Amino acid sequence: HVLVRRWKTKGFEELLRRLHDVDEAYPFSVAWLDTLNENMRGIVQGGRWETSEDTYVPKRKRITVPSRWRVSLVRTTLVRMFNASWYHMHARGLGQEHRIHLDDFFHPLDGIDGWNKLYGSGGPIQYQCVVPFGSEKVLFEMLRETQSRKMPSLLTVLKHFGPRQSEGLLSFPMPGTTLTLDFPCLGEPLFRMLEQFDASVLSVGGRIYPAKDSRMSATTFRFMQSQLDRFLSMRDTQCQSAFARRVGI
């Protein structure tokens, strides 16, 4: 089990401040943001392990999306309704710790069996980036851009990466704030916006998450990988992936 405490926030700056405070008090922290709300209301959660097994808390019951679902529900009105439901559901029991199943804390979307089908036959496009601490204005501008272009993100999540430096040569995490956005696959208009996001992230020394990427350019990938040459010197050239071919490595 995980002991969880939640706080409501109003506005992007308040959410960042609360997330920082929760980092200090809890080993796990995560923030959800309603980007379609004018004030960008949010919920910040802090969690810690509960070792007592006196009371077993079951997982939430799953909701199942029909296997033949083909129509995307990710439209502005429906996302607004989803966000309102998510906000009020997670705003219960504010200010006090309560016990939940660990899967409901770490994998909340898994409570919807086949959640990816909600995006329609094109599936979801998830965009995740990280920017150094102090550069979060870039993330706020990206969120405003999704509003102005009427491209709603079904689930918008922020987290902090700590100061520990990864030993991986092509590792994504770095000290800073990471933002995750989920979109339906809307084709070129979406891809053009994400290319703009790439440029904004790189301009402040940030990174885009390669493991979740399906459209990053070779130029973008090379620009953000300071240890790429060292990696290539040790790489088995007979082993290659579709991603490697796309980014030219």
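Taking trypsin sites (Lys or Arg not before Pro) across segment 118-181, the ones in a DSSP loop with at most 14 further Cβ atoms lying within 10 angstrom of their Cβ are 149, 150, 164. Accessible surface of segment 144-219, 1.4 Å probe: 53 percent of it comes from carbon and sulfur atoms. In order along segment 137-149, phi translates into HN-Hα couplings of 4, 4, 5, 4, 5, 5, 5, 5, 5, 5, 5, 5, 8 Hz, rounded to whole numbers, per the Karplus curve 6.51 cos²θ - 1.76 cosθ + 1.60 with θ = phi - 60° and x for Gly and Pro. Subtracting the Cα-Cα distance of residue 164 and residue 85 from 0.36 nm times their residue separation leaves 24.8 nm of extension gain.
Across segment 10-24, computed HN-Hα scalar couplings (Karplus, 6.51 cos²θ - 1.76 cosθ + 1.60, θ = phi - 60°) run 10, x, 5, 5, 5, 4, 5, 5, 5, 4, 4, 5, 5, 4, 6 Hz from first to last residue, x flagging Gly and Pro. With loop membership from DSSP and a limit of 13 other Cβ atoms within 10 Å, the longest segment of the chain without GluC sites (Glu not before Pro) is 54-166. Taking all Cα pairs closer than 8 Å and separated by 6 or more residues, the relative contact order of the chain comes to 20 percent.
For segment 196-212, backbone phi angles converted through the Karplus equation (6.51, -1.76, 1.60; θ = phi - 60°) give residue-by-residue couplings of 5, 4, 3, 4, 5, 5, 5, 5, 10, x, x, 9, 10, 7, x, 5, 10 Hz, Gly and Pro being listed as x.
The values are calculated or read from the model by the stated rules, or taken from the named source; none is laboratory data. Given the structure is predicted, the values throughout are model-derived calculations rather than measurements. Cβ: placed from backbone, ideal geometry, glycine included. Neighbour counts: every protein chain shown. Accessible surface is based on the protein model in full, side chains and every heavy atom, while ligands, DNA and RNA are left aside. Shrake-Rupley method; radii C 1.70, N 1.55, O 1.52, S 1.80 Å.
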